[in-house]
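Participant: Below you'll find the structure I mean.
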Amino acid sequence: VCMCVCVCLSLSLLFLTMSQLVHLWLADNSVGHSGPYTTQATQSISQTKATKWSFDFSKMLIFPQISRVQMSVQAEAGAFPICVSRAPVAATVLVECNAAVTATITVSVDSSTYSS
């Protein structure tokens, strides 16, 4: 896969793969073959009376691992669930709540990696 990179601290670009166009956010990258490489992605899932939310970032990240996870929960009025994100497995994240809740959960990840 060939990609052109603009010299800037952070940029948003459309990355063309085989037959699909995916919107990616490349942050703090530098031109060259050493240094940090990272992609970031965000997904939101809304469910009714659920205890588990599964997020698959495999089609959104250049690198097949997740280094950092951030999560937010927007629950229906009157609900106050305790929710936790489990350790990522490859490019997936599982969020679990202690009780069934109607909510929208948003997960942001980054797939930082360093090369020598």
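Participant: Could you check how many residues of the range 39-64 are in a strand (DSSP E or B) and either in contact (Cβ under 8 Å) with a residue 60 or more places away in the chain or within 9 Å of S111 (Cβ to Cβ) (or both)? Spell out the reasoning first.
Facilitator: So the first thing to find is which residues in the range 39-64 are in a strand (DSSP E or B), and the list is 39-56.
Right, trim to either in contact (Cβ under 8 Å) with a residue 60 or more places away in the chain or within 9 Å of S111 (Cβ to Cβ) (or both) and you get 39-45.
So the answer is 7.
Participant: Condition test on V95, is it modelled with pLDDT of 95 or more and either surrounded by fewer than 12 Cβ atoms within 10 Å (Cβ to Cβ) or not in a strand (DSSP E or B) (or both)?
Facilitator: On the way: modelled with pLDDT of 95 or more: yes; either surrounded by fewer than 12 Cβ atoms within 10 Å (Cβ to Cβ) or not in a strand (DSSP E or B) (or both): no.
In short, no.
Participant: Please work out which residue is most open to solvent (accessible area, probe 1.4 Å), limiting yourself to the range 63-74 and to residues that are among the hydrophobic types (A, V, I, L, M, F, W, C) and modelled with pLDDT under 95. Give the derivation first.
Facilitator: Step one: of the range 63-74, the residues among the hydrophobic types (A, V, I, L, M, F, W, C) are 63, 66, 69, 71, 73.
Pick out the ones that are also modelled with pLDDT under 95 and you get 63, 66.
Numbers: F63: 50, I66: 22 Å².
Step by step, filter the range 63-74, then rank; the result is F63.
Participant: Output the qualifying pairs, or none if there are none: Cβ atoms under 7 angstrom, residues six or more apart or on different chains, first residue in the range 65-88 and closer than 18 Å to S54 by Cβ, second residue part of a strand (DSSP E or B) and among the charged types (D, E, K, R).
Facilitator: Taking only residues 6 or more apart or on different chains, the pairs are C83/E96; V84/E96; R86/E96.
The values are calculated or read from the model by the stated rules, or taken from the named source; none is laboratory data. Please read these numbers as outputs of a predicted model, since none were measured by experiment. For neighbour counting, all protein chains shown are included, and Cβ atoms are generated from backbone atoms with ideal geometry for every residue, glycine included. Accessible surface areas use protein heavy atoms only, side chains included; no ligands, DNA or RNA. Shrake-Rupley method; radii C 1.70, N 1.55, O 1.52, S 1.80 Å.
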